[in-house]
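*Asks:* For reference, the structure I am asking about is given below.
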Amino acid sequence: MTECIPHRADGDYAAVKAAIAYISDTPAYRIDMKDLARALGLSERQLTELFRRWCGLTPKSFAQAVALDHAKRLLNDKATMLDISYEIGLSSASRLHDLFVSHMAMPPGAWRDGGRGIDMRWGVSSSPFGLAVLVVTDYGLAGIGFAEDGDVDAALTDLKGRWPEAALRRDDAELAPIAARVFDPKRWHPERPVRIVLIGTDFEVRVWQTLLKIPFGRATTYGAIAAHMGEPNAARAVGAAVGKNPISFVVPCHRVLGAAGKLTGYHWGLLRKRAILGWEAGVKAGQKA
């Protein structure tokens, strides 16, 4: 039998408030979800359902988000890595490094310095939707944009704005096989997905991760994404995050429509959005034939 607790806004917040107090007062490396659930009179499954309903995250992910947000503020205040690690309850600076690499795809120092010191490579490749500009780091694919009327410089400038201090060098040869895996349906293998890194705020990353769940050849709305994330009144904020999606096509922001299915804004142009949706419909039809 599935365990579930009643969906009551007041009851949810009372439990969530107690959970947040525990998370805030306990060093990150000592947080034990089993103990937390027991203290709240819940099973671990009920605790997970509670947090997913309240904020769209698991309790563990929420605790990491809290720690990461605190660390960002301390970094902006120029605190040392060791001091930050102790302040947010990590046992060493190496754990702080791992936290940032896992969630921000770069070490904490590089994040603080706008990507300085990160080796990023970029390249240009043909695609079914015109010339594509791709950006990769050692951690995976970090950006895809499209060159309108062949204007590669404009597309690259758009992508570079996300990492103002990073050093980018061109390497079309390295990017070519990645582009082939992205744009050639014959090379799509679910068991070997292209590794991507999503660099943004916690809310933006949550939106982009939700986009990845939209089935191929299907579409959804901003409101539906907000509801799926447990924030039904955040459709406008979802729209803003969708518009900032750094990895176009792979993270399928083109599958998000306005109310009543209206084709709404797309960072790389509405004609290209229409083209991508039509192309996907054709590929899907061909797969069924």
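The values are calculated or read from the model by the stated rules, or taken from the named source; none is laboratory data. Keep in mind that what you see is a predicted model, and the values were worked out from it rather than measured. Glycine gets a Cβ as well: all are built from the backbone with ideal geometry, and neighbour counts include every protein chain shown.
*Asks:* Would you check if ALA285 is farther than 14 Å from PHE183 by Cβ, in contact (Cβ under 8 Å) with a residue 24 or more places away in the chain and exposed (fewer than 15 other Cβ atoms within 10 Å of the Cβ)?
*Replies:* No, not satisfied.
*Asks:* Please find, among VAL182, VAL251, VAL194, the residue that is buried (at least 17 other Cβ atoms within 10 Å of the Cβ) and outside any helix (DSSP H, G or I). Explain how you work it out, then say what you get.
*Replies:* Numbers: VAL182 fails: outside any helix (DSSP H, G or I); VAL194 fails: buried (at least 17 other Cβ atoms within 10 Å of the Cβ).
Selected residue: VAL251, the only one of VAL182, VAL251, VAL194 that is buried (at least 17 other Cβ atoms within 10 Å of the Cβ) and outside any helix (DSSP H, G or I).
*Asks:* Quick one: would you say PHE203 is in contact (Cβ under 8 Å) with a residue 60 or more places away in the chain and either within 27 Å of GLY140 (Cα to Cα) or exposed (fewer than 13 other Cβ atoms within 10 Å of the Cβ) (or both)?
*Replies:* The answer is no for PHE203.
*Asks:* Could you list, in sequence order, the residues of region 48-66 that are modelled with pLDDT of 75 or more and of a type in the set (A, V, I, L, M)?
*Replies:* LEU50, ALA63
*Asks:* Looking only at residues that are crowded, with 17+ Cβ neighbours inside 10 Å and modelled with pLDDT of 90 or more in region 166-179, which one is farthest from ASP119 (Cα to Cα)?
*Replies:* Within region 166-179, the match that is farthest from ASP119 (Cα to Cα) is ALA179.
*Asks:* Separate question: Here are GLY286, GLY239, GLY278, GLY223: which of them is modelled with pLDDT of 85 or more, in a helix (DSSP H, G or I) and more than 21 Å from the chain's Cα centre (by Cα)?
*Replies:* GLY278
*Asks:* I'd like to know if region 128-150 contains one or more residues that are of a type outside the set (A, V, I, L, M, F, W, C), without any contact (Cβ under 8 Å) to a residue 12 or more places away in the chain and part of a loop (DSSP other than H, G, I, E, B). Steps first, please.
*Replies:* Step one: of region 128-150, the residues of a type outside the set (A, V, I, L, M, F, W, C) are 128, 130, 137-140, 143, 145, 148-150.
Those left that are additionally without any contact (Cβ under 8 Å) to a residue 12 or more places away in the chain: 149.
Of the ones still in play, those that are also part of a loop (DSSP other than H, G, I, E, B) are none.
No, region 128-150 contains no residue that is of a type outside the set (A, V, I, L, M, F, W, C), without any contact (Cβ under 8 Å) to a residue 12 or more places away in the chain and part of a loop (DSSP other than H, G, I, E, B).
*Asks:* Let me ask another. If the requirement is being assigned to a helix (DSSP H, G or I) and in contact (Cβ under 8 Å) with a residue 24 or more places away in the chain, which of these qualifies: LEU159, LEU168?
*Replies:* One residue alone meets the criteria, LEU159.
*Asks:* Can LEU40 be described as within 24 Å of VAL205 (Cβ to Cβ), over 19 Å from the mean Cα position of the chain (by Cα), crowded, with 17+ Cβ neighbours inside 10 Å and not assigned by TED's automatic domain parsing to the domain that holds THR210?
*Replies:* For LEU40, the condition - within 24 Å of VAL205 (Cβ to Cβ), over 19 Å from the mean Cα position of the chain (by Cα), crowded, with 17+ Cβ neighbours inside 10 Å and not assigned by TED's automatic domain parsing to the domain that holds THR210 - is not met.
*Asks:* Can you confirm whether LEU212 is touching a residue at least 60 places away in the same chain (Cβ under 8 Å) and either more than 27 Å from LEU99 (Cα to Cα) or within 14 Å of the chain's Cα centre (by Cα) (or both)?
*Replies:* So LEU212 does not fit the description; no.
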